[in-house]
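The structure appears below as structure tokens.
The values are calculated or read from the model by the stated rules, or taken from the named source; none is laboratory data. Every value quoted in this text rests on a predicted model; they were computed, and no experiment measured them. All Cβ positions, even for glycine, are placed from backbone atoms using ideal geometry, and neighbour counts span all protein chains on display.
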Amino acid sequence: MTHLVKATLLCTVLGLGLAGCSSMRPDRFDNVTDLNQAGGAGAAGTVSDPSSPAYFQQSVGDRVLFAVDQSTLSYEAQAVLDGQVRWLQSNPSYQVRIEGHADEQGTREYNLALGARRATAVRDYLVSKGIPQGRLTTISYGKERPIEICSEEACYAKNRRAVTVLTGGVGM
């Protein structure tokens, strides 16, 4: 009889342990994209207002991605930046901070320099399309502010980016 009770208790404990392991834990990095927003508050305004920072972020696109160890703009990145140029020309009261980022591979120093080259590439492209350089600043965060933390190429790719952050204007 005691053997049956012990076996039942053991099965119950193991079952609860497995059930606890199979449940999904909340992603502790769900809100990490807020690091890319001015003051961490997110974009102001509504997506339906074409002159709002929220519209810029969601509809125009606030980031471009880069290949491994590269700061060259792809055709896809140039298309996003062309949309940013049109929006910035229509909304001249906004100032811009371009944040360069890298994935976690490599040293801190290397990734800070790479992030700076990426931010500079975006700034230079915007300037070449007519945005006054005085409206633009750049900063590199290197690998210090990842969108995702993992050791897979899909995550690394999201972290190799430059983000255009609106830092002033009507809706800020």
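Worth a mention:
- Among the residues of the range 139-150, those that are in a loop (DSSP other than H, G, I, E, B), of a type outside the set (Asp, Glu) and in contact (Cβ under 8 Å) with a residue 24 or more places away in the chain comprise Lys143, Arg145, Pro146, Ile147, Ile149.
- Hits in the range 50-91 - residues which are of a type in the set (S, T, N, Q), over 17 Å from Ile131 (Cα atoms) and outside any loop (DSSP other than H, G, I, E, B): Gln57, Gln58, Ser59
- Among the residues of the range 143-172, just one is small (Gly, Ala, Ser), closer than 18 Å to Val68 by Cβ, modelled with pLDDT under 95 and surrounded by 14 or more Cβ atoms within 10 Å (Cβ to Cβ), namely Ala157.
- Every pair of residues 6+ apart whose Cβ atoms lie under 6 Å, when the first sits in the range 76-92 and is without any contact (Cβ under 8 Å) to a residue 24 or more places away in the chain and under 17 Å from Arg123 (Cβ atoms) while the second is in a helix (DSSP H, G or I) and not hydrophobic (A, V, I, L, M, F, W, C): Val80/Gly61
- Residue in the range 126-137 that is touching a Gly at 6+ places or on another chain (Cβ under 9 Å) and assigned to a strand (DSSP E or B) present: no
- Selection status of Leu81, farther than 19 Å from Glu153 by Cα, of a type outside the set (Val, Ile, Thr) and within 16 Å of the chain's Cα centre (by Cα): yes
- Boolean, Leu88 is modelled with pLDDT of 95 or more, more than 16 Å from the chain's Cα centre (by Cα) and surrounded by 22 or more Cβ atoms within 10 Å (Cβ to Cβ): yes
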